[in-house]
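Notes for the one structure printed next.
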Amino acid sequence: MSRLLLVTGASAGIGAATARLAPSRGWSRVVVHYGRDHAGAEAVAADLRAAGAEALVVQADIADPAAIAAMMAQVAAQAPGPLDLVNNAGIVSPTGSLADLTPERVRRVFEVNVFGAIEMARAAVAYMRAHDGGGIVNLSSVAARLGSARQYMDYAATKGAIDSFTLGLADELAAEGIRVNAVRPGLIETAIHAKGGEPVRMTRIGHTAPLGRPGSAEEVAEAILWLLSDRAGYVTRTLLDVGGGR
Ligand code: NAD
């Protein structure tokens, strides 16, 4: 049975680019997960079907463990088989200094980016164990190691947590042949920056990368799908920067 690719947050940005690229990189079955943007998810699914792939659209708030469990039950019923997970759904915090890091704000970004990603991995690994294995790529960020004074320290901290989680999970699952890696994008042109509050300034930061420009969602998607592919069969426990040299 061909492998199944589940991309969380696949209605837009890096997730949508990854789902759309999947058929040409060897995945003929893709689960398009979304949180709120049903129309965006259906548009991605339509493109996948036009490319000859099967597409299943599923919804869940990634910060809600019960919603993740229900989603995985739906996937198991409708699309069994080895599962590759792109743990991509995430939010960014607005810019701000220490005084802006209210408990509510910090809790929310950790709930989505860390608790959500860990719970998603837990559910996906249970699925992999029941369906002949799979692999995982977590979405981190170059912010995990660069930090971001007065920008979004809490967001950067969630990505540091994702890096540590990736290393530990890769250790635990290696004996089962489940490879776990993270991709750390630099400044990538997606709508996430509009939500972060200052798209123009963020684009300027993109131009400070040694390669002199922001990256595209498609360039990140290529790295994600390579890590999940058999071509990267000896690569696990790797945190791969796709940051234009930042
Ligand atoms: P985006 O905002 O375009 O996409 C994020 C997706 O996650 C959206 O589809 C959104 O609906 C989904 N999502 C958010 N909260 C959710 C929730 N609670 N439940 C379900 N879905 C939820 O952003 P993007 O730039 O494509 O980011 C994708 C990933 O890449 C994120 O983890 C982000 O932190 C990471 N990243 C992005 C950049 C960048 O410059 N764009 C840089 C480094 C890391």
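Multiply the residue separation of R36 and W226 by 0.36 nm, subtract the distance between their alpha-carbon atoms, and state the gained length in nm to one decimal. Let's see the in-between values first.
Numbers: separation 190, 0.36 × 190 = 68.40 nm, distance 2.82 nm.
Working it through step by step, the gained length comes to 65.6 nm.
Rounded to a whole number, what % of the accessible area of the stretch 1-60 do carbon and sulfur atoms account for, probe 1.4 Å? Before the final figure, lay out the partial values.
Working: 1180 of 2370 Å².
The computed percentage sits at 50.
Straightening the chain between A175 and A126 buys 16.1 nm, computed as 0.36 nm per residue apart minus the Cα-Cα spacing.
When +1 charges are put on Lys and Arg Cβ atoms and -1 charges on Asp and Glu Cβ atoms, the dipole computed for the stretch 1-148 relative to its Cα centre reaches about 300 debye. The calculated FRET efficiency for the pair R25 and A99, based on their C-beta separation and a Förster distance of 45 Å, comes to about 0.50. Rolling a 1.4 angstrom probe over the protein heavy atoms with all chains in place gives the stretch 1-107 an accessible area of 42 Å² per residue.
Rank-order 103-110, 235-242 by packing density, defined as the average count of other C-beta atoms within 10 Å over each peptide's residues, highest first. Numbers along the way, then the final one.
Numbers: 103-110: 14.0, 235-242: 18.0.
Result, highest mean first: 235-242, 103-110.
Of the heavy-atom accessible surface of the stretch 105-246 (probe 1.4 angstrom), what whole percent is carbon and sulfur?
Values: 3580 of 6460 Å².
It is 55 percent, rounded to a whole number.
Per residue, the stretch 149-188 exposes 37 Å² of solvent-accessible protein surface, assessed with a 1.4 angstrom probe and all protein chains in place. Mind giving me the FRET efficiency for S216 and A69? R0 is 25 Å, r the Cβ-Cβ distance, nearest 0.05 is fine. Calculated value: 0.15.
Please report the net charge: other residues with Cβ closer than 12 Å to the Cβ of A217, K and R +1, D and E -1.
Values: positive: R20; negative: E189, E218, E219, E222.
Net of charged neighbours comes to -3.
Volume of the convex hull of the chain (Cα atoms only), normalised per residue: 115 Å³.
The values are calculated or read from the model by the stated rules, or taken from the named source; none is laboratory data. A quick note: this is a predicted structure, and the numbers were derived from the prediction, not measured. We place every Cβ from the backbone using ideal geometry, glycine too, and count neighbours over all the protein chains shown. SASA here: full protein model, heavy atoms, side chains in, ligands and nucleic acids out. Shrake-Rupley method; radii C 1.70, N 1.55, O 1.52, S 1.80 Å.
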